[in-house]
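Since every read-out is calculated from the coordinates, none of them should be taken as a lab result. Since the model is a prediction, treat every value here as computed from it, not as a measurement. Every residue, glycine as well, gets a Cβ built from its backbone with ideal geometry; the counts of neighbours run over all protein chains shown.
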Amino acid sequence: MRRLALNPSRGKNYYNSEQVFMWSSVTVWHEWHYTCRRKAMRLLLVEDEKKVSSFVAQGLAEERFAVDVAVDGQSGLDLATTYHYDLVILDLMLPKLDGSEVLRRIRTQNAQVPVLILTARDTVADKVGNFEAGADDYLTKPFAFAELLVRVKALLRRGPVSRSSVVRVGDLELDRLSQQVRRSGKRIDLTSKEYSLLEYLISNAGRVLSRTMIVEHVWDQSFNGVTNIVDVYVRHLRVKVDDPFEQKLIRTVRGVGYTLIQGTQQ
Ligand code: CA
C-alpha cells in the first residue's frame with residue numbers, strides 16, 4: 001500500500017480516484033483506531049497571556065488532548081480542584097492569584113495531578129522553590145512547542161504520582177525521606193544496598209523483576225561482580241523483612257527473578 005501525504009497545494013486531482021479512496025479510508029481507519037485506543041487526556045492550561053495560551057491550546061488540541069484554559073490564578077485553582085485533570089500546565093505570573101500559590105493549594109487538595117510550570121521566571125530560586133512546592137517539571141519561556149509536547153507526554157506516561165514519601169505494601173512501610181523501614185510498626189534496620197533493593201521491590205510491588213533489572217537498578221550498570229549477588233542480597237533481606245513474620249512478601253519467580261507481593265495477594 002502506498003503511503004500518500006496530504007498536500008492541498010497540489011490540487012484535488014493530483015491522486016486518481018482509487019488512490020484518494022484508499023488514502024481516505026486508511027486515514028479514517030487510523031483516526032478511529034487511534035481514538036478508540038487512547039482515552040482522551042484532559043489538560044488544564046492556566047495562562048493569562050492570550051497569545052501563549054491560544055498557541056499552546058491549539059497545539060495540544062491538534063495532538064488530540066482536551067484542553068481547558070483558565071486566564072487567572074483563581075479560576076485555574078477552582079478548575080483544578082473541581083474537575084479531574086491528567087495534567088496542569090501552570091504559568092507563575094498570573095492575575096488574582098500567583099502561580100506558586102495556585103500550585104501550593106492544588107497540592108493541599110489534589111495531591112496527585114502532575115503540574116508543569118511554564119514561565120518566564122528562570123532563576124534557580126524560582127525553579128527550586130516550585131519543585132519543592134510540588135511541581136513535576138519546569139519549562140521557561142520562550143520555549144519550543146515540540147519541547148513542551150515531549151515534556152507533557154513524559155508526565156502523562158508517568159501518570160498520577162503519590163506525593164507521600166511513605167510507600168506501603170500490606171504491613172510493610174518504607175519512608176523514602178527518612179529511609180526507614182517498618183513492618184507491623186516494628187523498625188527494621190537495613191544496610192544501604194538492602195534498602196535500595198527493598199525500595200526497588202516495593203516500588204514495583206506485584207511486578208516480577210528479573211535479576212538483570214535488579215542488578216542494573218540497585219548496583220550500577222557497570223557492575224561486574226559475582227552473578228548471584230541478587231540472590232545473596234534477597235536472602236539477607238528475607239531474614240530481616242520476612243522471616244520474623246507469618247506472611248512472606250518476597251517471592252521467588254523461578255527462572256526469572258523476584259517479586260514483592262501486594263498485601264492481599266496469595
Ligand atoms: Ca503570565
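Key figures for this structure:
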{"item": "Cross-link partners of Lys248 among aspartates and glutamates (Cα-Cα below 15 Å; sequence separation of 8 or more within a chain)", "result": "Asp171, Glu173"}
{"item": "Euclidean distance between Cα centres, the range 172-199 to the range 237-252, Å", "result": "13 Å"}
{"item": "Å³ per residue enclosed by the Cα convex hull of the range 141-215", "result": "153 Å³"}
{"item": "In range of the label at Glu49: residues from the range 92-126 whose backbone nitrogen is under 15 Å from the point 7 Å along Cα→Cβ", "result": "92-95, 99, 117-123"}
{"item": "For the range 126-259, alpha-carbon Rg over 2.2 N^0.38 Å", "result": "1.29"}
{"item": "Distance from the range 47-72 to the range 103-167 (C-alpha centre basis), Å", "result": "17 Å"}
